[in-house]
1. Within the stretch A:8-25, does at least one residue satisfy the condition of being on the phi < 0 side of the Ramachandran plot, modelled with pLDDT of 75 or more, of a type in the set (Gly, Ala, Ser) and open to solvent by less than 50 Å² (accessible area, probe 1.4 Å)?
2. Can you tell me which of A:Leu59, A:Leu92 is at pLDDT 95 or above, more than 14 Å from chain B (Cβ to nearest Cβ), open to solvent by less than 50 Å² (accessible area, probe 1.4 Å) and more than 28 Å from B:Ser104 (Cβ to Cβ)?
3. Would you be able to tell me the number of residues in the stretch B:70-89 that are open to solvent by 20 Å² or more (accessible area, probe 1.4 Å) and either of a type in the set (A, V, I, L, M, F, W, C) or under 17 Å from the mean Cα position of the chain (by Cα) (or both)?
4. If you take just the strands (runs of 3 or more DSSP E) that sit entirely in the stretch B:105-205, which of them hold at least 1 residues that are within 12 Å of chain A (Cβ to nearest Cβ), in contact (Cβ under 8 Å) with a residue 12 or more places away in the chain and open to solvent by 40 Å² or more (accessible area, probe 1.4 Å)?
5. Taking the stretch B:209-219 only, how many residues are open to solvent by 10 Å² or more (accessible area, probe 1.4 Å) and within 12 Å of chain A (Cβ to nearest Cβ)?
6. Applying the selection to the stretch B:44-69, what residues are farther than 25 Å from B:Pro154 by Cβ and under 22 Å from the mean Cα position of the chain (by Cα)?
7. Restricting to the stretch A:95-104, and then to whatever is open to solvent by 20 Å² or more (accessible area, probe 1.4 Å) and in contact with a strand residue (DSSP E or B) (Cβ under 6 Å, 6 or more places away or on another chain), can you tell me which residue is farthest from A:Val188 (Cα to Cα)?
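The values are calculated or read from the model by the stated rules, or taken from the named source; none is laboratory data. Given the structure is predicted, the values throughout are model-derived calculations rather than measurements. Every residue, glycine among them, receives a Cβ derived from its backbone with ideal geometry; neighbour counts consider all protein chains shown. Remember, those area values only see protein heavy atoms, side chains included, never the ligands or the DNA or RNA. Shrake-Rupley method; radii C 1.70, N 1.55, O 1.52, S 1.80 Å.
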2 protein chains.
Amino acid sequence: MQSNTQMQLNDKLIHCICEEAAKKFNIINKYKIPIGVSNRHIHLTQETVEKLFGKGYKLHIKSMLKQPNQFACEEQVIVRGPKGEFPRVRVLGPTRSINQLEISITDSFKLGMKSIIRESGSIAGTPSFEVIGPKGSVTLPEGCIVALRHIHMPPDIAEEMRVKNGDMVDVKIFGERKAILGNVLIRVSPSFNLEMHLDVDEANAVCAKNGDFAVLQKLLL
Amino acid sequence: MQSNTQMQLNDKLIHCICEEAAKKFNIINKYKIPIGVSNRHIHLTQETVEKLFGKGYKLHIKSMLKQPNQFACEEQVIVRGPKGEFPRVRVLGPTRSINQLEISITDSFKLGMKSIIRESGSIAGTPSFEVIGPKGSVTLPEGCIVALRHIHMPPDIAEEMRVKNGDMVDVKIFGERKAILGNVLIRVSPSFNLEMHLDVDEANAVCAKNGDFAVLQKLLL
């Protein structure tokens, strides 16, 4: 038999432990993270743009993306691998300092190319491929990546979510194919809007569409 | 200030609560579940086989699958939707009482068909499509599903894992794209071998290949 005081203490203790557990296991749902689904696309240097579309060519904005100053271009190119090609791969602008093709693992089978999961910009040793435009073609020695799933985040939100640039987090997704995705990279910059990027394989695997929401899951997988 | 007895009681209480939490949150890793990746495929009735391949035609075994008596056939068919087609869709045998095409959500975009996630056999109201064989073609009024992710399990393993036919579980997958997939259907039958079936979208989203392992995650998502 326990005394009333003891039972009250135990109740308090249980409450404290539950609070701690809740902190550890709970979802941070204060900030819902909008999901953006990235279909296969390519970033080009101005030099490559001119090889494919002609000297002095400037890319044309088709629509603005959620990340500031980023846009889908009117321009599309043919991308060819050893086993197959995609005839209409969207160019994203503005031009960058490196050429980078972003595909899904499903796409890599069609192209007959190795799939290497990388952070954007980290293209050393990634597969070579051919790009064909209306005025010329170019074989790029490297630059084909499967984008590492990631969350763009401005610094104030990163601070509130208690994550920092380069962190890997787990993200919870709801619905018919609910899931927790691990190894999601946090990318923090004042030039970012809050948005999680998934490729088409990932989006379809969890039935996520543009504008759906995810939340950080503070639970180690 | 607490008495020694009280502190011991509290320690014991903390221990009990942690044990309970561990039971709830822990992974059942006693049984590793082999993953089988299902590419798009079709199950046919004998009647449809004869319409596509000729009267009295029998399917030919190409290779046995992990589930007893199930096999990939030498035969392939063209599957056509409103927007596109797949020229070589593998027929699985033996013939069944219903025709059923299983595709990924990625595939559904190429075919231009609605993607409806369903358990195998539950085809009422699913999209119509055309199947073309060497000797004829047939438009099936329904039967195109995106397979609900599921685990085949014999009754003895189901009992040990404390799950039953029809349960929905969460499954943990390890590696570069580690994840916990929710809404995974348990299917129990004496004629099943232990195996989790994922479609290509799901497999690529978590970097799972045939023969990789998953474990049940006893944590509600």
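1. no
2. Values: A:Leu92 fails: more than 28 Å from B:Ser104 (Cβ to Cβ).
Selected residue: A:Leu59, the only one of A:Leu59, A:Leu92 that is at pLDDT 95 or above, more than 14 Å from chain B (Cβ to nearest Cβ), open to solvent by less than 50 Å² (accessible area, probe 1.4 Å) and more than 28 Å from B:Ser104 (Cβ to Cβ).
3. The qualifying residues number 3.
4. Numbers: elements: B:129-132, B:137-140, B:144-147, B:150-153, B:168-173, B:179-188, B:195-199.
Once the strands (runs of 3 or more DSSP E) in the stretch B:105-205 are filtered for at least 1 residues that are within 12 Å of chain A (Cβ to nearest Cβ), in contact (Cβ under 8 Å) with a residue 12 or more places away in the chain and open to solvent by 40 Å² or more (accessible area, probe 1.4 Å), what remains is B:168-173.
5. Let us first name the residues in the stretch B:209-219 that are open to solvent by 10 Å² or more (accessible area, probe 1.4 Å), namely B:209-213, B:217-219.
Right, trim to within 12 Å of chain A (Cβ to nearest Cβ) and you get B:209, B:217, B:219.
Summing the residues that are open to solvent by 10 Å² or more (accessible area, probe 1.4 Å) and within 12 Å of chain A (Cβ to nearest Cβ) in the stretch B:209-219 gives 3.
6. First, pick out the residues of the stretch B:44-69 that are farther than 25 Å from B:Pro154 by Cβ: B:44-60, B:62.
Across the stretch B:44-69, the qualifying residues are B:Leu44, B:Thr45, B:Lys62.
7. First pass over the stretch A:95-104, keeping only residues open to solvent by 20 Å² or more (accessible area, probe 1.4 Å): A:95-99, A:102.
Remaining after also requiring in contact with a strand residue (DSSP E or B) (Cβ under 6 Å, 6 or more places away or on another chain): A:96, A:99, A:102.
Working: A:Arg96: 19, A:Asn99: 22, A:Glu102: 20 Å.
If we take residues in the stretch A:95-104 being open to solvent by 20 Å² or more (accessible area, probe 1.4 Å) and in contact with a strand residue (DSSP E or B) (Cβ under 6 Å, 6 or more places away or on another chain), then A:Asn99 is farthest from A:Val188 (Cα to Cα).
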